[in-house]
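Asks: Mind looking over this structure? Questions follow.
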Amino acid sequence: MGTQPVGLRDVSQGRLPSRLRLLAPLRYLAIRSDEKSVYDYYVPLGVGIAAWALYWIVKPQPQLFGDAGLLRFTRDLLIMAVPFMIGALAAVSMGSPGAHMDSRPRGAALSLDGRALTLRQFVCYLLGYLSFVGLVTLGSVVAAALLHDSVLSWTEDMPRLALAIRVTGTLALSLLISALTITVFWALYFLTDIINRPE
């Protein structure tokens, strides 16, 4: 009996074409709800740009690198948070079935590919997205710290390029942290209010 090799392409689900399996947690963004898109895109974008602008306005600017830098505090926080979110995802997805978790949420219409989601399905997508964004942010922070000295030496004679890299890097970091933070607050709202609404 032969088996087919499994690649990194996912099978088609619903109306969407095949996609990379490793990007599956981003399907959370495709979930439709009355107010969810506001907290997926608009609020994180606004908060991220505001925080980025504040970083450039404040004098002296907060330190990014080193023991007292923002990147170290971000890294330390994510080293604790990401495994917790992955553990929570495993607990929810593999937890024993229950009438409440496998029912549709009260007062919140959530759908993906035209199909209504149960509480368990939505929470799995939510925790998967949080874990994904947390890992991307952690990887970006570690890469920035590791490449800092090299980039400084490469751009020593090109101050405009160094400034462009700093501006772009701080904006990307601000947007990633904003998306992660706002989604955590959205998750707290959902898990404390929506998921516990009476039948």
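Asks: Scan segment 168-199 for residues that are under 17 Å from residue 55 (Cβ atoms) and without any contact (Cβ under 8 Å) to a residue 40 or more places away in the chain and jot them down.
Replies: Correct list: 168, 169, 172.
Asks: State all residues of segment 10-44 that are part of a strand (DSSP E or B) and modelled with pLDDT of 50 or more; if no residue qualifies, say none. Give the derivation first.
Replies: Looking only at segment 10-44, we keep the residues that are part of a strand (DSSP E or B), and these are 13, 16, 20, 32.
Result: 16, 20, 32.
Asks: Taking segment 149-167 as the region of interest, how many residues are more than 19 Å from residue 56 (Cα to Cα) and in a helix (DSSP H, G or I)? So that I can check it myself, show each step before the final result.
Replies: Kept after step one, since they are more than 19 Å from residue 56 (Cα to Cα), are these residues of segment 149-167: 149-158.
Next, only the ones that are in a helix (DSSP H, G or I) stay: 149-154.
Residues meeting the conditions: 6.
Asks: If you scan segment 132-155, which residues turn out to be touching a helix residue (DSSP H, G or I) at 6+ places or on another chain (Cβ under 8 Å) and free of Cβ contacts under 8 Å to residues at least 24 places away in the same chain? Walk me through it before giving the result.
Replies: Initial filter on segment 132-155 (touching a helix residue (DSSP H, G or I) at 6+ places or on another chain (Cβ under 8 Å)): 132-138, 140-142, 144-145, 151-152, 155.
151, 152, 155, listed by residue number.
The values are calculated or read from the model by the stated rules, or taken from the named source; none is laboratory data. Keep in mind it's a predicted model, so treat the numbers as computed, not measured. Note that we place each Cβ from the backbone using ideal geometry, even for glycine, and neighbour counts take in every protein chain shown.
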